[in-house]
1. Could you say whether any residue in the stretch 184-198 is closer than 24 Å to residue 41 by Cα and assigned to a helix (DSSP H, G or I)?
2. Away from ligand 2 (no atom under 16 Å from the Cβ), in a loop (DSSP other than H, G, I, E, B) and over 19 Å from residue 154 (Cα atoms), is that true of residue 53?
3. Please go through (1) in contact (Cβ under 8 Å) with a residue 12 or more places away in the chain; (2) in a loop (DSSP other than H, G, I, E, B); (3) farther than 26 Å from residue 237 by Cα for residue 101 and return the number of the only condition it doesn't satisfy.
4. Considering each of 14, 54 in turn, give the residue that is at pLDDT 95 or above, within 11 Å of ligand 1 (Cβ to nearest atom) and in contact with a helix residue (DSSP H, G or I) (Cβ under 9 Å, 6 or more places away or on another chain).
5. Go through the stretch 251-293 and count every residue that is over 29 Å from residue 326 (Cβ atoms) and under 19 Å from the mean Cα position of the chain (by Cα).
6. Check whether at least one residue in the stretch 132-152 is surrounded by fewer than 17 Cβ atoms within 10 Å (Cβ to Cβ), in a helix (DSSP H, G or I) and out of contact with any strand residue (DSSP E or B) (no Cβ under 6 Å at 6 or more places or on another chain), and report yes or no.
7. Look at the stretch 56-98 and say how many of its residues are within 27 Å of residue 193 (Cβ to Cβ) and assigned to a helix (DSSP H, G or I).
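The values are calculated or read from the model by the stated rules, or taken from the named source; none is laboratory data. These numbers come from a predicted model, not from an experiment. Here the Cβ positions follow ideal geometry from the backbone for every residue, glycine too, while neighbour counts run over all protein chains shown.
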Ligand code: NAD
Ligand code: UFG
């Protein structure tokens, strides 16, 4: 149908999966990515999966001149804004870099959209804006108390969106995991993974000897941390639902994207062992500073307003993550 969408950060983990879902739904994505956390070979995998050539602009969002040129060359109906730095620990060490890249980059993007008459944006926010949960499951009207510069960036960008004249959807992701069912695209972190799933996957494939479980003395059923893991393709569909919502009226929305149920670290380990048929040895270590015991979404607003809900269970998430990891043990080719 020729609907065009500009996808910032479209070569990254969630952006690449969303591009596949967009193409399947008849959208034509154009990607803007500076390759700071992605490889060019993602693009050929996307063409292989979608059967379409996808335009890529290798550019930094903070480059206003470059962004202006991109919007001139590529008229679009909407923007999906994934581009950003996302390592919580690094944001504590380099708050200025995070502010410039995440908030500064978004300001330039919003300005370019306003100049070119693009009025709709879907933004990757995060459950991290809530900070330590005061109640569970977490509803959208929960107090916002981010506990890192990264989380503050997300909250500030949500405020920028709310203050803009644009029609906006801020999607607060819980814990995206898994991969496209083909196993051709997936999560490819640089260096030692910070997050549980890529770490577990690298242990299962034999690249790391064992997982360290960050604490087993939390007030949870087995003592390990509980999170709301959501299949990345369900998350991708959430973006399509958000685009449809924006096109269908004049409202803006801020909404959780999660499954509404939590799994513990040990449940994830067991599910991954089932999916891979490989052992995932682990040892119990101390708690990781900044971690909370449990975090899971009240996912009812997304169901009501977007008509969207997550479908995949933990076993499917792990099976798809394993297909990607075992087929691409070293991630994407350089
Ligand atoms: P990712 O690092 O895989 O993807 C982000 C992409 O943005 C990368 O390809 C990177 O090269 C690009 N990028 C970064 N800064 C840029 C800039 N200034 N200009 C152009 N491109 C730039 O991360 P992801 O996991 O796909 O996350 C996507 C978004 O979702 C991020 O905004 C992240 O904060 C948010 N989010 C992710 C998670 C998660 O667990 N993965 C959870 C909540 C929210
Ligand atoms: N964990 C381990 N060992 C590891 C890695 C993680 O035991 O090697 C545990 C953590 O302690 C936690 C659970 O696995 O209990 C999940 O940890 P992740 O790092 O995968 O995910 P988080 O919930 O800590 O963080 C994610 C995103 C952040 C975001 C945060 C809140 O990665 O960007 O959710 O939304 F800020």
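1. yes
2. Details: away from ligand 2 (no atom under 16 Å from the Cβ): yes; in a loop (DSSP other than H, G, I, E, B): yes; over 19 Å from residue 154 (Cα atoms): yes.
Yes; evaluated as a whole, the condition is true for this residue.
3. (2)
4. Result: 14 is the single residue among 14, 54 that is at pLDDT 95 or above, within 11 Å of ligand 1 (Cβ to nearest atom) and in contact with a helix residue (DSSP H, G or I) (Cβ under 9 Å, 6 or more places away or on another chain).
5. Going residue by residue through the stretch 251-293, those that are over 29 Å from residue 326 (Cβ atoms) are 251-256, 260, 286-287, 289-290, 292-293.
Checking the rest, the ones that are also under 19 Å from the mean Cα position of the chain (by Cα) come to 253-256, 260.
Of the residues in the stretch 251-293, 5 are over 29 Å from residue 326 (Cβ atoms) and under 19 Å from the mean Cα position of the chain (by Cα).
6. no
7. Within the stretch 56-98, residues that are within 27 Å of residue 193 (Cβ to Cβ) and assigned to a helix (DSSP H, G or I) number 10.
For every residue, the table says whether it meets (1) surrounded by fewer than 23 Cβ atoms within 10 Å (Cβ to Cβ); (2) over 26 Å from residue 325 (Cβ atoms).
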position	(1), (2)
43	yes, no
53	yes, yes
58	yes, yes
64	yes, yes
68	yes, yes
89	yes, no
106	no, yes
